[in-house]
Amino acid sequence: LRTAVIIVAAGSGERLGQGIPKAAATLGSEPMLGHALRGVLAAQIAAQICVVLPRGDTELRALVASLQEGNDVQLMTVDGGSTRADSVRNALEVLSETDAVLVHDAARALAPTEVFHRVLNALESGAKAVIPVIPVVDTIKVASSSERPDIAPEQVRSTPIRESLRAVQTPQGFELATLRKAHDASAMFTDAQAAAITDDAMLVESQGIPVYLVRGSELSLKITTPNDLLFAEALLEGPAA
Ligand code: C5P
């Protein structure tokens, strides 16, 4: 399948607290985006890669340009939007007509090659949508506002069976036409509905299209907080000798 990859890297990084866009935060010896982009290149699956960057950024743009040298893959950059879904939509507008598209978070900078291949293999077998997942280790509760706010602001509404829960990662893979249609349909969403979109698969699910699950990786953690960054540094260094 002719495949494009979108890397969304336009987030502000507020929860990381470094005062710079998250994708520019240093992991090991280079910005997080460098790891994410080299990970996609190493998987050798993309004909075209579109990186979505914070509006006005020049540093990350230069990083992308530096990785273009010596590569046949077409690298492009576009400005991000105010939500992750807006950022993905901006990239979908500039992609040429590939068969498939993988959407990947720069924040999952250490996603291994095998995961890209598992996602693409499922698309090649005929899936229109496929996402990598790992089992959930915590018991998860659904919360609602409390009947007794004097005790606590929230109480348990329900407890989904843990066995059936999966934590969702990226890259998420789609038939390009399917993802475009799902994003077009979401243009009608209210602000509250738009704010609730946390991944691309949700939009495809709402079109009634089956979304298949493949095995993700513990290495694909989403680097969000300073602790996550410490953990990712340790993963990069590998086990102590
Ligand atoms: O904010 P969140 O943690 O969901 O971000 C997931 C990914 O989406 C990150 O890689 C971030 O850079 C990207 N993002 C984006 N544009 C936004 C918000 C987030 O590209 N407006």
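FYI, it's all coordinate maths here, none of it is from the lab. Just so we're clear, the structure is a prediction, and the values are computed from it rather than from any experiment. Because the Cβ atoms are built from the backbone with ideal geometry, glycine has one as well, and the counts that use them run over all protein chains shown.
When DSSP assigns beta bridges and you keep just the ones with both residues in the chain, what percent turn out antiparallel, to the nearest 5? Write down the numbers at each step before the final one.
Values: 15 of 36 bridges.
Counting only bridges with both partners in the chain, antiparallel ones make up about 40 percent.
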Euclidean distance between Cα centres, segment 50-114 to segment 161-202, Å: 18 Å
Normalised by the number of residues in the chain, what is the relative contact order in percent for Cα pairs under 8 Å and 6+ residues apart? 23 percent
What number, rounded to the nearest 500 deg cm²/dmol, is the helix-based mean residue ellipticity at 222 nm of the chain, given -39500 (n - 2.57) per DSSP H run of at least four residues and division by all its residues? -9500 deg cm²/dmol
How large are Rg and Dmax for the chain when calculated on the C-alpha trace, in angstrom? 18.4, 63
Gaussian network model of the chain, springs between alpha carbon atoms under 10 Å - residue of ASP191, ASP228, ASP79 with greatest fluctuation: ASP191
Within a Cβ distance under 11 Å of ILE223, other residues only, what is the Lys/Arg minus Asp/Glu net charge? +1
At most 10 other Cβ within 10 Å, DSSP loop - GluC sites (Glu not before Pro), segment 119-170: GLU147
